[in-house]
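All remarks here apply to the structure that follows.
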Amino acid sequence: MSPAPIVDARAIHKHFGHLHVLRGVDLQVAEKELVFLIGPSGSGKSTLLRCLNRLEEPSAGSVTVDGIDMLDPRTDINKARQRIGMVFQSFNLYPHMTALGNVALALRKVQGLPRADAEAKAQAALERVHLADRADHYPAQLSGGQQQRVAIARAIALEPRVMLFDEPTSALDPELVGGVLAVMRELREDGMTMVVVSHEMGFARAAADRVVFMADGLIVETGPPGEIFANPQHERTRAFISQIERH
Amino acid sequence: MDVFLETFLNWRIVQEAWPILWQGFQATLLLSALVVPLGLAGGVMIALLSTATTPWVRWPLRVWVDTFRALPPLVLLVFIFAGLPFIGLDVGAWGAVAIGFFLNTGAYYGEILRAGIESVPRGQIEAARSTGLTRGQAMAYIVLPQAVRNVLPDLISNTLEVVKLTSIASVVALPELLFQARQAQSVTYNATPIMAAAVAYFVLLWPVVRLLSRLENRQLAGRR
Ligand SMILES: Nc1ncnc2c1ncn2[C@@H]1O[C@H](COP(=O)(O)OP(=O)(O)O)[C@@H](O)[C@H]1O
Ligand SMILES: [Mg+2]
């Protein structure tokens, strides 16, 4: 029997008013696995990711991360969230803080580290994304790719067990995509468990263990990248993949 | 011309009225140092409450803010000063002014800060919460600093208005600058003390006005 999955989401439903956005989604992610989540715009990929760290409250279902029941009201959600790093399409760096300040904030205010310790840890995280020399730059002084790497550093500084990426390269100029993907590759090689929403098929082929295709709030098909891309079983998947590959 | 100088710019009168005017100037400073922080505190409270999602908070808050923005501050002040003793509360001139400004100024600062908070993208809060910050921490470290920066010219502009508005405290006989100047005027039968008070207000507020236009120019430049 394989060990318990580190992310275990079951029968997730999400309603926004009359909109039924997630219609019974199951997602299990094993430790050190990289799961790639693809699907048309509006299919519920972001909502699913956000249910995993409870940025959205699922309407029904269960979410367990690293053994913690994320939906139990008795769970200290702020403590639990430190185990789940999240990277957003629009970076969401704090514009009034330097790169170092962005990374150090939660170390100080959530983990309660003294300033010097927090900054040493933040500096180490910036080194992992190859931006040690940009520590005192403000977000506005950094390229989009650098900003996204600072955002990754902000998340990994808390030593999460899982990282969630929501279209991390979609807002970037093409020439800046490679640097962010390279950092994600390194994270993976260091053994990070990752759930990645992205349309970077080359990256999926090279790095993903499993690809999950979503449409209309349901998981349609899941399998290793080679199989899903070369030999999709469902018509929706086929149509989506051929459309993506044309770009 | 001589009559004009004699009546409006009389140096001898300035010297004579100086102690009274100086007291008034100090009282105006003290009053400003009291009501600006009070108004800001009320404003922060209103702005924070306005982020609540339940109608049970939002509706009463709307009524509260609208009421105290619609009531003329002078009317409000007289109402508090003359009205509260009827329900057994004698708060005195300073107390009445403090309450009045908290209500009136707080409503204005509150609306400005609310606009500031709404100008901060949602993604900022989500990023903060995803790292384990509480709602309050996200507000304090991420949202409010950006909100204040985004509406700083409006906050300063409102503060200018508030300092000028402290002159209404003269109607409840609080010895601030205008009240003292009018006292001096009635004693000396000369308008010079009023002129002196005007100069004093100018000296007090001109640096703030300069600061404000520099900020506004910088924001215009930043937008271009
Ligand atoms: N906060 C929200 N309120 C209302 N509708 C939402 C909200 N967030 C997402 N939706 C809707 O849910 C659907 C799925 O959105 P999303 O999860 O962002 O899809 P994807 O990431 O796959 O493009 C869309 O129709 C979107 O408009
Ligand atoms: Mg999305």
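Throughout, read-outs are computed from the coordinates displayed, never taken from laboratory work. All values reported here derive from a predicted model rather than from experimental measurement. Positions of Cβ are generated from backbone atoms using ideal geometry, with glycine treated the same way; all protein chains shown enter the neighbour counts.
Please arrange A:R54, B:R182, A:R149, B:R12 by how many other C-beta atoms lie within 10 Å of their C-beta, fewest to most.
The fewest-first ordering by Cβ neighbours comes to B:R12, B:R182, A:R54, A:R149.
Tell me, how many Å apart are the Cα centres for the stretch A:186-247 and for the stretch A:11-82?
Their Cα centres are 18 Å away from one another.
By how many degrees, 0 to 90 and rounded to 10, does the Cα axis of helix B:177-188 deviate from the longest principal axis of chain B?
10 degrees
Of the options B:V203, B:F179, B:A221, report the single residue whose Cα projects farthest towards the positive end of the charge dipole of chain B (beta-carbon charges: Lys, Arg +1; Asp, Glu -1).
Final value for the positive-end residue is B:A221.
Could you state the per residue volume, in Å³, of the convex hull enclosing the Cα atoms of chain B?
161 Å³
Based only on Cα atoms, what mean projected area does the convex hull of the stretch A:98-148 have, in nm²?
Average of the hull's projected areas for the stretch A:98-148 equals 3.2 nm².
For the stretch B:12-106, what is Rg from Cα atoms divided by 2.2 N^0.38 Å, rounded to two decimals?
1.39
Gain in length, A:E127 to A:D72, computed as 0.36 nm per residue apart minus the alpha-carbon separation, to one decimal in nm?
Stretched fully, the A:E127-A:D72 segment lengthens by 16.2 nm.
Neighbouring Cβ atoms within 10 Å as the yardstick, rank B:Y189, A:Y94, B:Y201, A:Y138 fewest first.
In increasing order of surrounding Cβ atoms, one gets B:Y189, A:Y138, B:Y201, A:Y94.
When the Kirkwood hydrodynamic radius is evaluated over all pairs of different C-alpha atoms of the stretch A:7-245, what value in angstrom, to one decimal, is obtained? Intermediate values should be presented prior to the final figure.
Values: mean 1/r = 0.0544 Å⁻¹.
About 18.4 Å for the stretch A:7-245.
Each residue of the stretch A:171-187 in turn: what ³J(HN,Hα) in whole Hz from Karplus with 6.51, -1.76, 1.60 and θ = phi - 60°, glycine and Pro shown as x?
8, 9, 4, x, 6, 9, 5, x, x, 5, 5, 4, 5, 5, 4, 5, 4
So what is the calculated 222 nm ellipticity per residue for the protein assembly as shown, using -39500 (n - 2.57) for each DSSP H run with n of 4 or more, over all residues, to the nearest 500 deg cm²/dmol?
Mean residue ellipticity at 222 nm (helix-derived): -18000 deg cm²/dmol.
For chain B, find the longest principal axis of its Cα atoms and tell me its angle to the long axis of helix B:92-118, 0 to 90°, nearest 10.
The helix B:92-118 is inclined about 40 degrees to chain B.
Between A:E245 and A:A116, what's the calculated FRET efficiency when r is the beta-carbon distance and R0 is 35 Å? Round to 0.05.
My answer for the efficiency is 0.10.
What average count of beta carbons from other chains do you get within 10 Å of the Cβ of residues in A:76-83?
Shielding by partners across A:76-83 averages 3.
Enumerate the lysines that A:K45 could reach by cross-link, defined here as Cα to Cα under 25 Å, with residues fewer than 8 away along the same chain left out.
List returned: A:K14, A:K32, A:K79.
Count the DSSP beta bridges whose two residues both fall in chain A, then state the antiparallel fraction as a percent rounded to the nearest 5.
Here the share of antiparallel DSSP bridges comes out near 55 percent.
Within the stretch B:148-224, which GluC sites (Glu not before Pro) sit in a loop by DSSP and count at most 14 neighbouring Cβ atoms inside 10 Å?
none
Please report B:K164, A:K45 as a ranked list, fewest other C-beta atoms within 10 angstrom at the top and most at the bottom.
B:K164, A:K45
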